[in-house]
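Chemist: The structure that follows is given in the form of structure tokens.
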Amino acid sequence: MERRTIGTGALSVGAVGLGCMPMSWAYSGSRQRGEESLRAVHRALDLGSDLLDTADMYGPFTNELLLGRVLRERRADAFVSTKAGLLVGDQHIVANGRPGYVRRACDASLRRLQTDVIDLYQMHRADPEVPVEETWGAMADLVRAGKVRALGLCAVGARGGRRSGNGLYDGTLRQLKRVQQVFPVSAVQAELSVWSPEALTALLPWCAERGIGFLAAMPLGNGFLTGTLTPGQGFEPDDLRARHPRFTAEMMAANQPLVAGLRRVARRHGDDVTPAQVALAWVLAQGPQVVALPGTKRERWARENAAAAALRLTPEDLAEVAALPPALGSWD
């Protein structure tokens with residue numbers, strides 16, 4: 001698999017990683033099967049998809065515990081990325097960026113992941129009651145203590161201006177400029193896909209200019225760009241798509257031209273190429289510092305996603321994808 005680097009420390013990872021969140025968080029609970037997820041992680045590592053992205057809030061905690069079962073046997077094969085800064089309650093999620101909490105959270109993640117060091121430790125969200133420099137400084141201390149190798153930040157944006165991307169990541173850029181004065185940022189994680197390209201406007205260029213890695217979250221549009229979902233199929237109440245404005249039956253039907261366009265491109269590359277692989281190849285084509293993090297909990301999809309790293313889109317392909325209509329949602 002093609003290799004890419006994260007940050008100025010030149011940490012090498014596969015071009016396609018594995019977003020582990022769906023294995024225990026945010027998607028249909030009835031389909032979360034531990035053993036099946038373990039097989040998917042092992043297969044991803046076998047194929048070179050070595051960046052395993054998780055967070056302490058996924059579950060909460062159960063996602064890290066799951067990965068710990070793999071890392072106990074295959075730590076040398078994996079690039080471990082986890083996050084801290086969000087606490088999950090019964091009906092709410094709150095940010096906690098206090099330095100003491102960050103230190104305790106890191107130690108707890110290390111225990112659950114069954115490792116001595118975290119390759120990339122990410123700030124999930126900034127705490128509005130704590131200066132971001134204080135949180136980042138505590139994370140930097142973890143690097144100096146040898147518990148963490150590099151630091152990353154997860155972008156946060158608003159839906160306003162979503163169609164154009166104008167100003168969407170202004171808050172994140174302000175945070176990045178502040179924390180860069182404290183300790184280097186090695187990676188930024190943000191949503192990037194054919195149906196959510198807003199990061200291309202300012203956030204990705206900012207990272208590219210500074211040699212900062214970009215972790216593309218949700219590169220398959222929460223599964224929509226795979227072409228395997230049917231408008232009106234419905235989602236379980238605990239599935240985030242049950243409340244997502246692009247997953248109503250009306251919007252899923254309206255956005256089918258996106259999937260159709262990906263299918264057309266896929267057919268030009270062979271009968272075995274899928275829309276999902278084209279969607280991932282498009283993400284990787286946005287820059288050499290971009291790593292795609294498709295989420296999956298099945299071995300079959302892990303194989304398909306890993307194979308997308310070898311797919312090279314032509315200028316004609318990229319122009320056709322660029323000409324597809326923008327995705328619609330209930331906010332439009």
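The values are calculated or read from the model by the stated rules, or taken from the named source; none is laboratory data. Treat the numbers as computed from the prediction; the structure is a model and nothing was measured. Positions of Cβ are backbone-derived with ideal geometry, glycine not excepted, and every protein chain shown enters the neighbour counts. Heads up: the accessible areas ignore ligands, DNA and RNA and are worked out on the full protein's heavy atoms, side chains in. Shrake-Rupley method; radii C 1.70, N 1.55, O 1.52, S 1.80 Å.
Chemist: Kindly indicate whether Pro288 is of a type outside the set (D, E, K, R) and touching a Lys or Arg at 6+ places or on another chain (Cβ under 9 Å).
Modeler: yes
Chemist: Here is a list of conditions, (1) over 30 Å from Ala140 (Cβ atoms); (2) touching a Cys at 6+ places or on another chain (Cβ under 9 Å), and Ala190 meets all of them except one; can you say which number that is?
Modeler: It is condition (1) that Ala190 fails.
Chemist: Something else about it: Across the stretch 195-221, what is the number of residues that are open to solvent by less than 40 Å² (accessible area, probe 1.4 Å), in contact (Cβ under 8 Å) with a residue 60 or more places away in the chain, part of a helix (DSSP H, G or I) and farther than 13 Å from Asn255 by Cα?
Modeler: Summing the residues that are open to solvent by less than 40 Å² (accessible area, probe 1.4 Å), in contact (Cβ under 8 Å) with a residue 60 or more places away in the chain, part of a helix (DSSP H, G or I) and farther than 13 Å from Asn255 by Cα in the stretch 195-221 gives 2.
Chemist: State all residues of the stretch 172-194 that are open to solvent by 10 Å² or more (accessible area, probe 1.4 Å) and not aliphatic (A, V, I, L, M); if no residue qualifies, say none.
Modeler: Those that are open to solvent by 10 Å² or more (accessible area, probe 1.4 Å) and not aliphatic (A, V, I, L, M): Arg174, Gln175, Lys177, Arg178, Gln180, Gln181, Phe183, Pro184, Ser186, Gln189, Glu191.
Chemist: Test of understanding: among Ala44, Ala108, Ala138, which residue is part of a helix (DSSP H, G or I), of a type in the set (A, V, I, L, M) and farther than 24 Å from Phe214 by Cα?
Modeler: Every option except Ala108 fails the conditions.
Chemist: Counting only residues that are more than 24 Å from Gly34 (Cβ to Cβ), within 17 Å of the chain's Cα centre (by Cα) and not polar (S, T, N, Q), give me the helices (runs of 4 or more DSSP H) lying completely in the stretch 231-317 with at least 1 of them.
Modeler: 275-284
Chemist: Another question about this same structure. Tell me yes or no: at least one residue of the stretch 104-117 is of a type in the set (D, E, K, R), under 21 Å from the mean Cα position of the chain (by Cα) and surrounded by fewer than 23 Cβ atoms within 10 Å (Cβ to Cβ).
Modeler: Within the stretch 104-117, one or more residues are of a type in the set (D, E, K, R), under 21 Å from the mean Cα position of the chain (by Cα) and surrounded by fewer than 23 Cβ atoms within 10 Å (Cβ to Cβ).
Chemist: Let me ask something else about it. Take Asp317 and tell me if it is open to solvent by less than 40 Å² (accessible area, probe 1.4 Å), in contact with a helix residue (DSSP H, G or I) (Cβ under 9 Å, 6 or more places away or on another chain) and at pLDDT below 95.
Modeler: Here the answer is no, as Asp317 does not meet what is asked.
Chemist: Among the residues of the stretch 36-56, which ones are open to solvent by less than 10 Å² (accessible area, probe 1.4 Å) and either farther than 26 Å from Glu2 by Cβ or not polar (S, T, N, Q) (or both)?
Modeler: Correct list: Ala40, Val41, Ala44, Leu51, Leu52, Asp53, Ala55, Asp56.
Chemist: Okay, moving on. Looking only at the stretch 276-286, how many residues end up being open to solvent by 10 Å² or more (accessible area, probe 1.4 Å) and either touching a residue at least 40 places away in the same chain (Cβ under 8 Å) or of a type in the set (D, E, K, R) (or both)?
Modeler: Residues in the stretch 276-286 being open to solvent by 10 Å² or more (accessible area, probe 1.4 Å) and either touching a residue at least 40 places away in the same chain (Cβ under 8 Å) or of a type in the set (D, E, K, R) (or both): 3 in total.
Chemist: Got a sec? Which of Leu311, Leu240, Leu225 is crowded, with 22+ Cβ neighbours inside 10 Å and in contact (Cβ under 8 Å) with a residue 12 or more places away in the chain?
Modeler: Leu225
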